[in-house]
Amino acid sequence: MNEHDLVIIGGGPGGYVAAIRAAQLGLNTACIELEEKLGGTCLRVGCIPSKALLEASERFEEASKHLGDFGITTSGVSFDLSKMMLRKESIVDGLTGGVDYLLKKNKVTRYKGRGSLVAQGRVDVEAADGQRTELSAKNILIATGSSVAQLKGVQLDGDRVGTSTEALSYPEVPEHLGVSGAGYIGMEMGSVWRRLGSKVTVVEYLDRILPGMDAEIAKEALKLFKKQGFEFKLGSKVTSARADGSGAVVEIEGQESLRADRVLLSAGRTANTQGLNLDAVGVETDRRGFVRADSHYRTNVQGIYAVGDVIGGAMLAHKAEEEGVAVAETIVNGRGHVNYGAIPGVVYTHPEIATVGRTEEELSERGVDFRKGVFPFIANGRARALNATDGKVKVLADAKTDRVLGVHIIGARAGDLIAEAVAAMEFGASAEDIARTCHAHPTLSECLREAALGVDGRIRQM
Ligand SMILES: Cc1cc2nc3c(=O)[nH]c(=O)nc-3n(C[C@H](O)[C@H](O)[C@H](O)COP(=O)(O)OP(=O)(O)OC[C@H]3O[C@@H](n4cnc5c(N)ncnc54)[C@H](O)[C@@H]3O)c2cc1C
């Protein structure tokens, strides 16, 4: 039996980052991954391939529709879908290879196969050819991630009715794409195909898009997405979806059914716990199937930890990574910490949408007395030069202490701009701290500074 200090099941951002940190801290670490490529959902079929296609499709849209605004004349702009897909694959291959290299460099032992618990301190690895290896481990970390949640009545056929994984590789541009779920994955993948020519209809159960995000920002996003040509059916319940000939049909409660060439189901994700043998070892899950873990990522079974999507919370790669580092440090020196109040969330549409901390609704519900500063991109010189005047920055600060409680941005490069707000919140900054910090001119970051000034009614740039 191979012996390790720590055996990690899952080689995604939670698992591989934990493996590297644990190895750096001196643990004899192993990582089991059932897929050939490391990097998990994020690198293989999530963050990275989606951003590669978002970038390619955005450039196409800009070249075909918006370069004229800059005085640049183009004609005959077209795209080669198979080349776009090849570029995406080569980015994925480069990065997954990079994770492989990092594990080797840090002397993490990799096992290829499906990991499952045998007992406390023992893990089984079943390789694709059926060969089994048993590992003994002082500590075990479950980092098996998540998969698309099935929706009652939706028959995924992996072709006409599929998930984001299929939507990352459609062989041709669907004439009409139906998207079930207006969360960030639905809006990002919908954006890719809309830009490449699809009519996109998004069906959402709630009466708003981007659930969980600040409502004012989501409302602005809805307005801009509609302007781009998205069609929305909000407050609409999908009761079934199925392949139908060369297309698909979506039934919506109380409405006419929707016919589309392809349907993308993006209505939430569920924990990957099947086949892990949790019950036999007594590891508890919550009522939604996520592994229960305490604030030190300990499950109820001693020596077994869990991080990332499999424990629920924000389903984000950087959240999984933070937890991976924290659990490795906890195992080695008893201390590891993630500040969940400062985990950013980004939607990589155009414009981008980024958020950190509390939304205005959350603050109101909790009865927190807050002040708010809002600054529109149209009033920023750099935004005008970039032809990116849509959107706004909103800073929410405690009315008494001025401490920043939340920052919400819709606008160009919001995903990069939010980093300053995250750092400010990590340091417990006040809105005035941001307002008194010198920002280069002309930059989009001045929008954040002006919104921070706006908390005190002192906006200057107009
Ligand atoms: C289309 C899409 C776009 C996304 N975009 C973003 C984004 O832009 N930014 C962001 O932060 N997040 C994004 N996410 C979410 C992000 O991918 C996840 O939050 C992140 O990958 C979670 O990391 P993880 O390590 O917990 O799990 P995963 O990345 O899912 O990794 C788990 C790994 O465990 C393996 N595994 C499962 N069971 C076993 C087993 N029994 N034995 C061995 N191996 C096993 C799986 O094969 C997988 O590789 C996106 C997701 C999708 C689907």
- Filter result for residue 290 (more than 30 Å from residue 426 (Cβ to Cβ) and either open to solvent by 60 Å² or more (accessible area, probe 1.4 Å) or touching a residue at least 12 places away in the same chain (Cβ under 8 Å) (or both)): no
Considering only helices (runs of 4 or more DSSP H) wholly within the stretch 149-246, the ones with at least 2 residues that are over 30 Å from residue 290 (Cα atoms) and either more than 16 Å from the ligand (Cβ to nearest atom) or open to solvent by less than 10 Å² (accessible area, probe 1.4 Å) (or both) are 184-195, 215-228
Checked 321, 329 against criteria (open to solvent by less than 50 Å² (accessible area, probe 1.4 Å), assigned to a helix (DSSP H, G or I), out of contact with any His (no Cβ under 6 Å at 6 or more places or on another chain) and of a type in the set (Asp, Glu)); the one match is 329
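Listed here are the residues, each with its yes/no results for (1) open to solvent by 10 Å² or more (accessible area, probe 1.4 Å); (2) outside any helix (DSSP H, G or I); (3) of a type in the set (S, T, N, Q).
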| position | (1), (2), (3) |
| --- | --- |
| 405 | yes, yes, no |
| 409 | no, yes, no |
| 417 | yes, no, no |
| 421 | no, no, no |
| 428 | yes, yes, no |
| 434 | no, no, no |
| 439 | yes, yes, no |
| 448 | no, no, no |
Exercise. Would the stretch 352-363 turn up any residue that is of a type in the set (Gly, Ala, Ser), modelled with pLDDT of 95 or more and within 21 Å of the chain's Cα centre (by Cα)?
Worked result: yes
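Just to be sure, is residue 289 assigned to a loop (DSSP other than H, G, I, E, B), in contact with a strand residue (DSSP E or B) (Cβ under 6 Å, 6 or more places away or on another chain) and either within 16 Å of the ligand (Cβ to nearest atom) or not β-branched (Val, Ile, Thr) (or both)? Let's see the steps before the verdict.
Working: assigned to a loop (DSSP other than H, G, I, E, B): yes; in contact with a strand residue (DSSP E or B) (Cβ under 6 Å, 6 or more places away or on another chain): yes; either within 16 Å of the ligand (Cβ to nearest atom) or not β-branched (Val, Ile, Thr) (or both): yes.
Yes, satisfied.
Residues to consider are 88, 37; find the one that is open to solvent by 10 Å² or more (accessible area, probe 1.4 Å) and either within 22 Å of the chain's Cα centre (by Cα) or more than 11 Å from the ligand (Cβ to nearest atom) (or both). It would help to see each step written out before you state the result.
On the way: 88 fails: open to solvent by 10 Å² or more (accessible area, probe 1.4 Å).
Going through 88, 37 in turn, just one is open to solvent by 10 Å² or more (accessible area, probe 1.4 Å) and either within 22 Å of the chain's Cα centre (by Cα) or more than 11 Å from the ligand (Cβ to nearest atom) (or both): 37.
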Flagged in the stretch 7-28 as open to solvent by less than 40 Å² (accessible area, probe 1.4 Å) and over 27 Å from the mean Cα position of the chain (by Cα), in numbering order, are 27
Given the conditions (1) of a type in the set (A, V, I, L, M, F, W, C); (2) within 23 Å of the chain's Cα centre (by Cα); (3) under 19 Å from residue 32 (Cβ atoms), every one holds for residue 149 apart from (3)
Residue pairs within 8 Å by beta carbon, gap of at least six or interchain, first lying in the stretch 336-359 and more than 19 Å from residue 221 (Cα to Cα), second within 14 Å of the ligand (Cβ to nearest atom) and among the acidic types (Asp, Glu), listed first then second, are 338/322; 338/323; 343/322
query = Has the stretch 53-62 got at least one residue that is more than 16 Å from the ligand (Cβ to nearest atom), farther than 30 Å from residue 384 by Cβ and either open to solvent by 70 Å² or more (accessible area, probe 1.4 Å) or β-branched (Val, Ile, Thr) (or both)?
reply = no
Going through the stretch 307-362 in order, the residues found to be over 30 Å from residue 444 (Cβ atoms) and among the aromatic types (Phe, Trp, Tyr) are none
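So which of 55, 89, 3, 62 ends up being farther than 26 Å from residue 269 by Cβ and part of a helix (DSSP H, G or I)? Even if it seems obvious, please write down each step before you answer.
Numbers: 55 fails: farther than 26 Å from residue 269 by Cβ; 89 fails: farther than 26 Å from residue 269 by Cβ; 3 fails: part of a helix (DSSP H, G or I).
Only one candidate qualifies: 62.
Listed here are the residues, each with its yes/no results for (1) touching a Pro at 6+ places or on another chain (Cβ under 7 Å); (2) not polar (S, T, N, Q).
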{"residue": "115", "(1), (2)": "no, yes"}
{"residue": "118", "(1), (2)": "no, yes"}
{"residue": "126", "(1), (2)": "no, yes"}
{"residue": "149", "(1), (2)": "no, yes"}
{"residue": "159", "(1), (2)": "no, yes"}
{"residue": "169", "(1), (2)": "no, no"}
{"residue": "177", "(1), (2)": "no, yes"}
{"residue": "183", "(1), (2)": "yes, yes"}
Residue 361: passes all of (1) open to solvent by less than 20 Å² (accessible area, probe 1.4 Å); (2) within 21 Å of residue 211 (Cβ to Cβ) but (1)
So, first residue open to solvent by 60 Å² or more (accessible area, probe 1.4 Å) in the stretch 268-280, second residue within 8 Å of the ligand (Cβ to nearest atom), Cβ within less than 6 Å, six or more apart or across chains; the pairs are 277/116
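The values are calculated or read from the model by the stated rules, or taken from the named source; none is laboratory data. Nothing here was measured: the structure is a model prediction, and the numbers come from that model. Cβ coordinates were reconstructed from backbone atoms using ideal geometry, including for glycine residues, and neighbour counts include every protein chain displayed. Ligands, DNA and RNA are excluded from the accessible area calculation, which covers all protein heavy atoms including side chains. Shrake-Rupley method; radii C 1.70, N 1.55, O 1.52, S 1.80 Å.
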